[in-house]
Amino acid sequence: MIEVKNCSKVFTLHLQGGIRLPVLNNVNFSIIKGEAVALTGPSGVGKSTLLRMIYGNYLAEQGSITVDGVEVVGAEPRTILALRRATLGYVSQFLRVVPRVATVDVVAEPLITLGTPPDQARDLAKALLSRLRVPPQLWSLPPATFSGGEQQRINIARGLIHPYPALLVDEPTASLDAENRQVVIDLLCEAKARGAAILGIFHDAAARGAVCDRDVDVGAFVPDADGEAAQSAPVSA
Amino acid sequence: MTALAAELPAEAPSPGAEALLTVEGLTKSYGSQIGCRDVCFDIWPGEVMGIVGESGSGKTTLLRCLSGHLSADSGTAVFDGEDGPVDVLSMPEPARRRLMRTEWALVHQNPRDGLRLGVSAGANVGERLMAVGWRHYGRIRETAGSWLDRVEIDPERIDDRPTTFSGGMQQRLQIARNLVSAPRLVFMDEPTGGLDVSVQARLLDLMRSLVRDLGLSVVVVTHDLAVARLLADRLMVMRRGEVVESGLTDQVLDDPQHNYTQLLVSAALRL
Amino acid sequence: MTDAAYNFAYLDERTKKMIRRALLKAVAIPGYQVPFASREMPMPYGWGTGGVQVTAACLTPEDTLKVIDQGADDTTNAVSIRGFFEKTAGVATTTTTAEATIIQTRHRIPEEPMTEDQILVYQVPIPEPLRYLEPRETETRRAHALEEYGIMKVKLYEDIARHGHVKTAFAYPVLVAGRYVMDPSPIPKFDNPRLSGSPALQLFGAGREQRIYAVPPHTTVVSLDFDDHPFNRGGTGECCALCGVADTYLDEVITDDVGGRMFVCSDTDFCEQQRDAAAPTAGWEAAS
């Protein structure tokens, strides 16, 4: 479902005199349907970067990334937009929304964009919000003033409301208490069970263990002084 | 005759096989001063393209060349219209004006430029319908009323003049007036400029849902990166008349490649 | 009886030629306002100089001229203009519509149906139907050229929204031959239906604004309206107090200062004809 081949990423900081920051080199791995993989490695090694590259949010310097057979590197924007609409989901660490839109509408939007009748989409949104233990009083309020944990759960609801065949999750359980963490873990496992391929970053070892089948160590793709990867062989379980 | 639908389509729009608008080599100078140079891009059905840049970037010149207010020095802009592909820049004026009233729309920065202030809201919205030949007063009024509702203006105000509306309401009226003819391509020039922040938010949300529900393609010219982030799928960054970078909005804002884009993004107050 | 100091019908031949060229263009493009070089006439602007110039260009010595002002042959203006042409052209004049070959009119169409041997010359103050909606000449010319009459339709819509009906009572805009929107001069809307399909040639002259336009014979002229608010010519529902006819445009005459009034035909010749037809048969039932 997700295949990354010989990918690398270099940041060029023009505002700092144009210095080049190689972050990732020769990334190779793949994930099949129904499999959940965790990206591991120390903070700042490039886990989020890699996730964003797969989503098309960051440009890859070279190499190939395919999601459900669609090439992301060098793709036309509309190709990636279509991919993101129906196939590739992304739960980031931050909730970014249009101000003053009600929570239930924020969560329902991905479905409405795909053509689900708005009332039906909102019902599904409400069900998911209930499951994530977001109280009904909050559903008609815009989420900007909610607590971090509440915002994160709304983010997750928005990311999971549509059954994406491929899911990217970045710290989905951070800022959640134990009960809510469990709900999220359950949701991810259910997604996996229906055949989704999941790639995630989990600092919480317990969540990682509960959801994921194997790890990919991003540290293996960090370029050394010469810009080459420490290990060029693909890592798999 | 263009279909004038007040109803929502049941399906989300799927990408067409043809680009809706293909612009190539668009160049306009004011004497020795470059307005915009060699601009190339295309827009696909259902896409929102943001054009950002500071003053003097050429984004307004580009918009005005495309909408027919200025004549470009060179270049083509081929629109996949009802009657087949046509180069908008070399169309005869009557045809271009007809296009601007039917398949295209232009939402001005200042709603007062895009409305008839001396006639009622209903007349403003109904004008395009009458221009394409609608002859039944009752139906014109009814359609105007439903569009007012769609842009969240109380339909009771159908007979009020726009001078009695707030700035945000005037802007929404302008949008209704433009969308009533079911255009496929909408140009917006700083649509939230001059509005209070809270009013901007409501307008942005309205625009997003209209784009989604009606399958519109939109070109939004703005200097506000936050508006571009929320509204646009794709972004084009212009500087001194040239396109310096383009791509997915989130990619251009999160992973800017060009020198100038990085400067622009780092200077934005809140993204 | 022509005053020897004047050319026939006052204007010199080259001016008449210029006006006739404009008239030909106007007839070729029904409803289109043709600019022409309006001359200084011996009456001020606003007193019918446009109509007079058109009449002067059309007159031949064999013509019979009738001049009416709001339907009457005997107002100051009608009398003056008739006298003017008697003096400068020496043509026969009449007050009987059926006998005239050229009829110059201010703000009315004669009740008597026109024939194909007649020319009706209208005096026009403001030829541009969009003038009060769009003051810029550049914009109104463009509107006519591009057939963009949205502003007029907006005005009609607005009237209905505001008053329940179109409140224009005279100079009601019309669409000529399906192309140009035209101002028929300040005739009451009651007269509008008579513009369409007339066998006579209808010419319009605006002296101050320097425009000439025309409705050729048998041209379709439609008053602007909506399907569900069709054009309504109006009418008082009264009968003329003098001749008894109902379906004619009536003037309201105040007869005393305690509210007394009566309605009489605006078209004086028509009223007189009706009365003459009835008078010899006094004692009989008048034929309907």
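The values are calculated or read from the model by the stated rules, or taken from the named source; none is laboratory data. Treat the numbers as computed from the prediction; the structure is a model and nothing was measured. We place every Cβ from the backbone using ideal geometry, glycine too, and count neighbours over all the protein chains shown.
Things to note:
- Of the residues screened, B:Ala131 is one that is over 16 Å from B:Phe187 (Cα atoms) and surrounded by 17 or more Cβ atoms within 10 Å (Cβ to Cβ).
- The criterion of at least 1 residues that are modelled with pLDDT under 95 and of a type in the set (S, T, N, Q) is met by the following helices (runs of 4 or more DSSP H) wholly inside region C:1-107: C:76-89.
- For the condition surrounded by 20 or more Cβ atoms within 10 Å (Cβ to Cβ), small (Gly, Ala, Ser) and part of a helix (DSSP H, G or I), A:Ala127 does not qualify.
- Boolean, A:Ala166 is surrounded by fewer than 19 Cβ atoms within 10 Å (Cβ to Cβ), closer than 19 Å to B:Asp250 by Cβ and either more than 13 Å from chain B (Cβ to nearest Cβ) or small (Gly, Ala, Ser) (or both): no
- Qualifying residue in region C:114-134 (condition: modelled with pLDDT under 95, more than 30 Å from C:Thr268 (Cβ to Cβ) and more than 14 Å from chain B (Cβ to nearest Cβ)): yes
- Within region C:224-266, being charged (D, E, K, R) and under 25 Å from the mean Cα position of the chain (by Cα) holds for C:Asp225, C:Arg233, C:Glu238, C:Asp247, C:Asp251, C:Glu252.
- When the strands (runs of 3 or more DSSP E) confined to region A:19-81 are screened for residues that are basic (Lys, Arg) and surrounded by fewer than 20 Cβ atoms within 10 Å (Cβ to Cβ), none reaches at least 2 such residues.
- Qualifying residues in region A:88-110 (those that are charged (D, E, K, R) and assigned to a loop (DSSP other than H, G, I, E, B)) - the one surrounded by the most Cβ atoms within 10 Å (Cβ to Cβ): A:Arg100
- The test for being basic (Lys, Arg) and buried (at least 22 other Cβ atoms within 10 Å of the Cβ) holds for A:Arg153.
- Filtering region B:20-77 to residues that are surrounded by fewer than 22 Cβ atoms within 10 Å (Cβ to Cβ), in a loop (DSSP other than H, G, I, E, B), more than 14 Å from chain A (Cβ to nearest Cβ) and not aliphatic (A, V, I, L, M) leaves B:Gly31, B:Ser32, B:Glu54, B:Ser55, B:Gly56, B:Gly68, B:His69, B:Ser71, B:Asp73.
- The one condition from (1) of a type outside the set (A, V, I, L, M); (2) in contact (Cβ under 8 Å) with a residue 40 or more places away in the chain; (3) at the interface with chain C (Cβ under 10 Å from one of its Cβ atoms) that B:His136 does not meet is (2).
- Restricting attention to region A:165-202, the residues being assigned to a strand (DSSP E or B) and out of contact with any Gly (no Cβ under 6 Å at 6 or more places or on another chain) number 8.
- Number of positions in region B:221-262 that are of a type in the set (D, E, K, R), part of a strand (DSSP E or B) and at the interface with chain A (Cβ under 10 Å from one of its Cβ atoms): 1
- Close pairs from region B:219-230: first buried (at least 20 other Cβ atoms within 10 Å of the Cβ), partner among the aromatic types (Phe, Trp, Tyr), Cβ under 6 Å, at least 6 apart: B:Val219/B:Phe187
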